[in-house]
Amino acid sequence: MPLQDLIVDNLISQTNFRLQFRQEYSRQGDGRTIAKDIGPPIWTAIFTTIPLKLNEVLALESKLNSLQGSMGEFEAYDVRIVGQSGSRTITDQTPNTFTLNSTLNLNVGEYLSVPYASGFVGFHQITSISGSVVTVVPAIRPGNGTVADTFKPKVIMTLEPDTIETSQTSNLFSRVSWEGRQVI
Amino acid sequence: MRQVQSSNLTALQQNALVIRDFIWFKVKNISTGNPYTEGYWSGSGTVEAAVIDPETGNSQNRTFVGAGSLIQISEIPLVSNLVVRDVTLELSQVNPNINNLIRGFQVKQGEVQIFRGLFNPETQEFVAPAEPRFWGFINEVTINTPSEGDFGSVEVNCVSHAQETIRLNTNKRSQGDQQRRQAGDAFFQDVGAVPDWPIFWQETPPKPPKRKKFLGIF
């Protein structure tokens, strides 16, 4: 069971959500660069807290330590966007689009979290909306996800090894930062 | 000349390529001896993908398991001569599917087919059935169990069918072997003794080698 209360709105000041693409670039003599995509991209994120009191820092560190390095999983979301409350039903999907029962209030740049029966959680960012069809990145894996969460959509991550850092900002406050990588 | 499907050729001429590799194993069930097939691909999730069967040249739908079972495929030499093509696959040693295949079945001399599929970068859909790039046999399997802080893998070394051209004959040049081949054939009867016969072509036989003298003592 992934740790659910690690990422909390008023605790995290910054999340750098980034899609890590796995590509190879070949430059040709005429200056043309051809990119070759050789694997599915995965989400990575850097979380940084606001300056916390030292007892809060210890409490957070204990949560991070309870993940036992990269063994444990935690639920993460991008604190820059809250999303729309509730969830939408997926009625159809192609490799990179979802057809939803409603796209009301959804915006480009928001995330969708799609739990699969296998336990995998798909995490996608909306790149365009056309009627009830939303185009997303990264591409959708084949499967039977039927619900797209739109409120604080969660992605399941594990800790990047050796990335927990605590820096003291003053005598009484410290910031904690760590990096996460999506579980594929 | 290698034939490339026209839709694949168009995709290859674009500025961007989205490629995924597919591996198909055909190994032997240890208890029943029946063939067992399993496929992996370099994407995520389990897909049913169309590939071109190298045996028939026709498109065929096969199921490939993803989610990190395949780490890397070495460069595949695409040649049209008799060179034995050598490909090393790197698979994940912690993946349950790989463990089941490598440890649960007889993989020695198992069949390996490698395909490459091209995708449309816009729609992320298959352009055409995946093209076969390699068809060979498992030569050697090494399971690297990592120590702390290291990465592990299962290395599967595969060679193409051209390996048969360099396979050594097990037959010996002997009377016994010839009898097994054709009973009563006496062609190799004296083959053991003949190499020691001195053959000379001049009028007088060559002098035997001089005996060493033990100087100084006797």
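All of the numbers you see were taken from the coordinates with simple rules; none came from a lab. Note that the coordinates shown come from a computational prediction; the quantities given were computed from them, not determined experimentally. Quick reminder, even Gly has a Cβ in these numbers, built from the backbone with ideal geometry, and neighbours come from all protein chains shown.
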In a GNM of chain A with a 10 Å cut-off on Cα contacts, which of A:Gln93, A:Gln168, A:Gln14 has the highest mean-square fluctuation?
A:Gln168
Which distance in Å, rounded to a whole number, links the C-alpha centroids of region B:16-48 and region B:64-129?
7
Under a point spin-label approximation (7 Å from Cα along Cα-to-Cβ), what is the A:Asp9-B:Asn120 distance to one decimal in nm?
4.1
Please give the FRET efficiency for A:Met1 paired with B:Arg2, using the beta carbon to beta carbon distance and R0 = 56 Å, rounded to the nearest 0.05.
0.65
Fewest-first ordering of A:Glu24, A:Glu75 by Cβ atoms within 10 Å yields A:Glu24, A:Glu75
Helix axis angle, A:54-66 relative to chain A longest principal axis, alpha carbon, degrees
50
Which aspartates and glutamates, on any chain, are close to B:Lys172 with Cα under 16 Å apart, when same-chain ones fewer than 8 places away are left out?
B:Asp185, B:Asp190
Only Lys, Arg, Asp and Glu count, each charged at its Cβ (+1, +1, -1, -1), so figure out the dipole size of region B:6-166 about its Cα centre, rounded to 20 debye.
280
Of A:Lys53/A:Lys152; A:Lys154/B:Lys26; A:Lys36/B:Lys108, which sit over 32 Å apart, Cα to Cα?
A:Lys154/B:Lys26; A:Lys36/B:Lys108
Got a sec? Which residues in region B:147-179 would a label at B:Asn99 touch, if it sits 7 Å along Cα→Cβ and we count backbone N under 15 Å?
B:152-154
May I ask you to evaluate 6.51 cos²θ - 1.76 cosθ + 1.60, the Karplus curve with θ = phi - 60°, for each residue of region A:102-108 and list the ³J(HN,Hα) values in order in whole Hz, giving x for glycine and proline?
7, 10, 4, 6, 6, 10, 5
Quick check: net charge around B:Asn169, other residues with Cβ under 13 Å of its Cβ, Lys/Arg +1 and Asp/Glu -1?
+2
Using a Förster distance of 41 Å, the FRET efficiency for B:Leu168-B:Ala50 (Cβ separation, nearest 0.05):
0.55
Fewest to most neighbouring Cβ within 10 Å: what's the order for A:Thr158, A:Thr91?
A:Thr91, A:Thr158
Using Cα centres only, tell me the gap between region B:131-171 and region A:142-159 in whole Å.
39
Those trypsin sites (Lys or Arg not before Pro) from region B:169-214 that are DSSP loop and have at most 13 other Cβ neighbours within 10 Å turn out to be B:Lys172, B:Arg173, B:Lys210, B:Arg211, B:Lys212, B:Lys213
Between the modelled labels at A:Glu160 and B:Asn81 (7 Å from Cα along Cα→Cβ) the distance in nm is 4.6
Take the alpha carbon gyration tensor of chain B, find the square roots of its eigenvalues, order them as a ≥ b ≥ c, and report rounded if a/c is under 1.5; if not, report prolate when a/b exceeds b/c, else oblate.
prolate
Sort A:Leu6, B:Leu168 so the one with the fewest other Cβ atoms within 10 Å of its own Cβ comes first.
B:Leu168, A:Leu6
Could you go through region A:124-141 in sequence order and give the Karplus-derived ³J(HN,Hα) for each residue, using 6.51 cos²θ - 1.76 cosθ + 1.60 with θ = phi - 60°, rounded to whole Hz, and x for Gly and Pro?
10, 10, 6, 9, 7, 10, 9, x, 9, 9, 10, 9, 10, 10, x, 4, 8, 7
Can you pull out the GluC sites (Glu not before Pro) in region B:114-200 whose DSSP state is coil and whose Cβ has at most 13 other Cβ atoms within 10 Å?
B:Glu122, B:Glu125, B:Glu148
With +1 at each Lys and Arg Cβ and -1 at each Asp and Glu Cβ, the charge dipole magnitude of the protein assembly as shown around its Cα centre, to the nearest 20 debye, comes out at 1540
Once you list every other residue whose beta carbon is under 12 Å from the beta carbon of A:Ile140, what net charge do they have if Lys and Arg are +1 and Asp and Glu are -1?
-1
³J(HN,Hα) across region A:145-162 via Karplus (A = 6.51, B = -1.76, C = 1.60, θ = phi - 60°), whole Hz, x for Gly/Pro?
x, 10, 10, 10, 6, 10, 9, 6, x, 9, 10, 8, 10, 10, 6, 6, x, 6
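If I stretch the segment between A:Ser102 and A:Ser62 completely, what's the gain in nm (0.36 nm per residue apart, minus their alpha carbon distance), one decimal? Please list the in-between numbers first.
Details: separation 40, 0.36 × 40 = 14.40 nm, distance 4.10 nm.
Gain on stretching A:Ser102 to A:Ser62: 10.3 nm.
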Is region A:80-153 rounded, prolate or oblate when judged by the Cα gyration tensor, a ≥ b ≥ c being the square roots of its eigenvalues, rounded requiring a/c under 1.5 and prolate requiring a/b larger than b/c?
rounded
